[in-house]
1. Using only Cα atoms and rounding to the nearest 10 degrees, what angle (0 to 90) does helix 107-124 make with the longest principal axis of the chain?
2. Treating the angle as unsigned and between 0 and 90°, give the value, to the nearest 10°, between the Cα long axis of helix 305-320 and the longest Cα principal axis of the chain.
3. If we restrict to alpha carbons, what Rg and Dmax does segment 347-427 come to, in Å?
4. What distance in nm separates the two pseudo spin-label positions at E323 and R50, each 7 Å out from Cα along the beta-carbon direction?
5. For segment 1-157, how big is Rg over Rh, using alpha carbon atoms and the Kirkwood form of Rh?
6. With the Cα gyration tensor of segment 254-332 in hand, convert its eigenvalues to equivalent ellipsoid semi-axes via √(5λ) and list them largest first in whole Å.
7. Return a single number: how many Lys pairs in the chain, at a sequence separation of 8 or more or on separate chains, have alpha-carbon atoms below 20 angstrom apart.
8. Just want the answer: with Cβ charges of +1 for Lys and Arg and -1 for Asp and Glu, which residue in L144, A132, G114 is farthest toward the dipole's positive end in segment 114-153?
Amino acid sequence: MSQPLRVALAGLGTVGGGVVKLLDANRALIERRAGRPIAIVAVSARDRTRDRGVDLGRFDWVDDATTLAMRDDVDVVVELVGGSDGPALTLARDTLGAGKAFVTANKAMIAHHGLELAETAEKRGVALKYEAAVAGGIPVIKGLREGMAANEISHVFGILNGTCNYILSEMEEKGSDFADVLAEAQRLGYAESDPSFDIDGVDAAHKLTILSSLAFGTAVDFASVAITGIRHVIAADIAEAAALGFRVRLLGHGEASEKGLFQRVHPCLVPLSHPLAHVSGSLNAVVAHGNFVGRLFFQGRGAGEGPTASAVVADLIDIARGETGPAFAMPVAALAHPAIASADDRRGRAYLRFTVADRPGVLAEITAAMRDAGVSIESLIQRGVASDGNVLIAIVTHISPERAVQAALDRLEGSQSLTGKPMLMHILDE
């Protein structure tokens, strides 16, 4: 029998427990596919007493996870602790520096420190794998790095955060306000007690950064991502979008062109004719366009014990087979460092929502600002007076430069007619 791949597991939360369960449940199949056994030899977590529904007594328990990298009986360390820095980053650096393979589900760490870690992995000739860091069980990392390796990819975009997609789907289905659905999502465990990373778009931006690097052969550049979350989407936006033939989704969008690299996370109106409009609940989905393969669509569960553990073990199988290719599909030295493409010259349609006082001349003021900025209006909906005395005006523009739409909003800045900050959402026309 071939020597087993000896694994140390740092982090025994939902995903860590799922990895142990999966290796137990599919042991024979995994061994056949890997060409040798995959065996956990050591684990580490903060709480030894917690019942995780799996027998951990057969493994050596280590209190300090950062010491796992130094063990002579470990070939690969799996990090499921989380956090862009701290113990997770120390463990990653020590593991790769010691010439051992490293597997992680930590998108924040890869987004912020991926180039450094990939360079160390290359120098030491070991694998850095992170399939579970983006879209859970959906094999989108492998799809871009391997399946689309021969293609020039023009853009990649999709629904990258299940919490936000769940909230928007529930608002759509029930007509509820954002705060009410968020509270319910927290009660059900779909959202964290502090949901900022999710609802403010940071989590999706981490994932987009990784996808962009793989798709376009560029260095990971989280700092260049323009980020807008869903915190200010209201029930009326969902209803107006539906009336216009759209659904609201938080999208991450990356595009490479002669102008540079464009990366943005933002709530977007998606036409009902587009498959992303029908991705509901906590599902994730990614679309990539290659010049020979055309459009590919990946969809599935983006989080949870089973899907994420599945991605982690898939990486372990690759390592057991001896697959140690570059972490970002090409050597770090070959990755491009493009300019950051401005959104100003991008052209498209936009949705604008204004909450205004109920008095004469308000609509004329808004349309004059649009006219003076050179933005043509495709459709306009004005609702009756709400209980708070305000009126909602929703506008869809014709195709215009984004700088012109922003100029119109700038002209209305400080207007006494507006009782709230306008909402801007771009429309997906893919």
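1. The answer is roughly 40 degrees.
2. That works out to roughly 50 degrees.
3. Cα only, segment 347-427: 11.9, 37 Å (Rg, Dmax).
4. Spacing of the two 7 Å Cα→Cβ label points: 3.1 nm.
5. Reported Rg/Rh (Cα atoms, Kirkwood Rh): 0.97.
6. Ellipsoid half-lengths, sorted descending, are 27, 22, 12 Å.
7. 8
8. A132
Where a number appears in this text, it was derived from the coordinates with a stated rule and is not lab data. Just so it is clear, the model here is predicted, and its values are computed rather than measured. Cβ sites come from the backbone with ideal geometry, for glycine too, and all protein chains shown count toward neighbours.
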